[in-house]
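Below is one structure, written out as structure tokens; comments come after it.
The values are calculated or read from the model by the stated rules, or taken from the named source; none is laboratory data. Source: prediction; values computed, not measured. Don't worry about glycine lacking a Cβ; one is built from the backbone with ideal geometry, like all the others, and counts go over all protein chains shown.
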Amino acid sequence: MPRRGANYHENCYFLTKKNGKKEVESLIVKKIQKFIRSLVLMMLATIIFVILPGFVQAAHAAVLTSTQAVFTSVELKINGNVVDANTPLGEPIAQNSTVSLFYTWEIYDSATVNAGDYIETTVPSGFLMANDSSGNLLLLDGSSLGTWSLTATTRKLRLTFNDYPTQLLNVHGTVQLNTSFELSAVSTTDPVVFTFPLSGGASTTINVKFSPSGVSSPVAKSGVANKAVNPDSITWTVDVNKPLNNVDNAVVNDVTGSGLSFDPNSLHMYSLDVALDGTVTQGVDITTSCAITMTTTPSALQFNLGNITDARRIVYNTTIVDKTKTSFTNTASFNGASAPASVNVTRGPLLGKSGVPDKSFNPTNITWTVYANKAEENLTDAVVKDTLPTGLSLSSSDVTIYELTLNPDGSVASTNLASTTSGAITVSGNSLIVDLGTIQNAYKIVYTTPIVNDPANYQFANTANLYDGTTQLTSANCTVSYQ
């Protein structure tokens, strides 16, 4: 039967109709050629059948090659909006959005299609295939071109044709699959890259940017001190645009507060990879490649990021200049939201004192230990003064000074005998003065005092004092009891 032009539609299947004088003339020529070709083949088949009975058999169903029939394209609609390979990434979409896939296919006019011949492709992961489904490929008049089927386990979309398309021209249509996203089956990176196989090795790639789950604010801030005890700097981290919005003229304002000094050489900006579940991974350093400008005041910073569509991480250090403060709070703001961050700091004691008798019963001497500046503050004229109670004797030769190196947690890492200048240790009667000078490290002063007279209560108590110049900073008491 000669081919004829036709239209058909079921859901989304259709044929376009050839029209116009040239097309009619061409159609007549094709009909005549088709009739002559069919007549010759019928005669040839009859001759072969007479000579070789049983030689002519029914054609077997086969996969049509890409020169016969193909999937030509695929279109994705999210919430009714078309997204294809040429669609730029816009605002992120919700992960529970409604989705439709439109697979367009075509049978070439030169192809001969036998009943059962088919083409198929694979629907990529990331789209929910809850169950098998199928349908008919129908013309508007109800005539069938075949069927389509989708197998959930293999994700195979197959179009199986009858022999009717061979009688038609310009046969093409579209299969529509309504589904939803199944993002647990794909990589967690965002945007998600969907690659749709077509026919003949061709494919279409569509990128979709999703709203990460678990992200409630466009800005987040945190800080960490460089040491658990006696920190001298704080590293601040500001994450912006984790929702992956398109933000023009993006500006980050950061109020650092008092007691801190911004270190401009410490500023770094990184790309920030946001997973579908909202978790982040720090990317490459883009400090030198991004168009970041900065405005600073003594207690505030402003970062101008330009137009951004991705997430960024800003990292910088502040030096602690006010060692008396035990807590620092900063607040960053971005795109209408703000995020405060607090860092509590711990400092070692400026002064501490202890004493131990050489024996718990009838001791003959007491060894005193004074720790000075375990807070590791900068002191320009540090002096330790200790007046011993009556009943003890002291000699400058019994005094030893050590310089300490502390671990980040404030414990002593190493002890080294300090180099002291002449006159650093002064003993006058029961008064001890140790002049440490300009210091930043911690020191330990050890001295032994013989017991020359036992007090009535067998107890010695005294107080050491720490000065910076003439200013008394603190004091430390100690009592040693024995029998």
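Here are the numbers for this structure:
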| quantity | calculated |
| --- | --- |
| Residue count for segment 342-353, restricted to those that are under 30 Å from Asn307 (Cα atoms) and either assigned to a loop (DSSP other than H, G, I, E, B) or among the aromatic types (Phe, Trp, Tyr) (or both) | 0 |
| Flag for Thr121 being within 37 Å of the chain's Cα centre (by Cα), among the β-branched types (Val, Ile, Thr) and closer than 30 Å to Thr309 by Cβ | no |
| Selection status of Val219, surrounded by 17 or more Cβ atoms within 10 Å (Cβ to Cβ), at pLDDT below 95 and not small (Gly, Ala, Ser) | no |
| Flag for Thr295 being more than 30 Å from Gly126 (Cα to Cα), outside the structural domain of Leu183 (by TED's automatic domain parsing), touching a Leu at 6+ places or on another chain (Cβ under 8 Å) and exposed (fewer than 15 other Cβ atoms within 10 Å of the Cβ) | yes |
| Test set (1) within 30 Å of Val238 (Cα to Cα); (2) touching a Ser or Thr at 6+ places or on another chain (Cβ under 6 Å) - Arg313 fails condition number | (2) |
| Output for segment 160-172, where each listed residue is outside any loop (DSSP other than H, G, I, E, B) and either in contact with a Lys or Arg (Cβ under 6 Å, 6 or more places away or on another chain) or at positive phi (or both) | Gln167, Leu168 |
| Subset of segment 295-333 [within 18 Å of Asn253 (Cα to Cα) and of a type in the set (Gly, Ala, Ser)] | Ser299, Ala300, Gly306, Ala311, Ala332, Ser333 |
| Test set (1) among the charged types (D, E, K, R); (2) in contact with a Gly (Cβ under 8 Å, 6 or more places away or on another chain); (3) closer than 26 Å to Glu376 by Cα - Asp468 fails condition number | (2) |
| Checking Asp248 against (1) on the phi < 0 side of the Ramachandran plot; (2) in contact (Cβ under 8 Å) with a residue 60 or more places away in the chain, the condition it does not meet | (2) |
| Top-ranked residue in segment 354-384 [being assigned to a loop (DSSP other than H, G, I, E, B) and among the acidic types (Asp, Glu); ranked as nearest to Pro455 (Cα to Cα)] | Asp358 |
| So Thr331, is it of a type outside the set (Asp, Glu), farther than 30 Å from Thr471 by Cβ and over 45 Å from the mean Cα position of the chain (by Cα) | no |
| Residue match in segment 328-341 (condition: assigned to a loop (DSSP other than H, G, I, E, B), in contact (Cβ under 8 Å) with a residue 40 or more places away in the chain and either out of contact with any Ser or Thr (no Cβ under 6 Å at 6 or more places or on another chain) or surrounded by fewer than 14 Cβ atoms within 10 Å (Cβ to Cβ) (or both)) | yes |
| Residue list for segment 73-97, restricted to those being assigned to a strand (DSSP E or B), polar (S, T, N, Q) and exposed (fewer than 15 other Cβ atoms within 10 Å of the Cβ) | Asn81 |
| Number of the condition not met by Ser289 [criteria: (1) in a strand (DSSP E or B); (2) free of Cβ contacts under 8 Å to residues at least 12 places away in the same chain] | (1) |
| Some residue of segment 241-248 being under 20 Å from the mean Cα position of the chain (by Cα), modelled with pLDDT of 90 or more, of a type in the set (A, V, I, L, M) and crowded, with 18+ Cβ neighbours inside 10 Å | yes |
| Failed criterion for Gly306 (all others in (1) surrounded by 14 or more Cβ atoms within 10 Å (Cβ to Cβ); (2) in the same structural domain as Val284 (by TED's automatic domain parsing); (3) more than 18 Å from Ile439 (Cβ to Cβ) hold) | (1) |
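Residue-by-condition table, conditions (1) within 19 Å of the chain's Cα centre (by Cα); (2) part of a loop (DSSP other than H, G, I, E, B); (3) over 18 Å from Lys221 (Cβ atoms):
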| site | (1), (2), (3) |
| --- | --- |
| Val238 | yes, no, no |
| Ala250 | no, no, no |
| Asp254 | no, no, no |
| Tyr270 | yes, no, no |
| Asp273 | yes, no, yes |
| Gly278 | yes, yes, no |
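One line per residue, one yes/no per condition, for (1) more than 29 Å from Val193 (Cα to Cα); (2) outside the structural domain of Gly200 (by TED's automatic domain parsing); (3) assigned to a strand (DSSP E or B):
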| position | (1), (2), (3) |
| --- | --- |
| Val99 | no, no, yes |
| Tyr103 | no, no, yes |
| Asn114 | yes, no, no |
| Thr121 | no, no, yes |
| Pro124 | no, no, no |
| Ala130 | no, no, no |
| Trp148 | no, no, yes |
| Thr154 | no, no, no |
| Arg158 | no, no, yes |
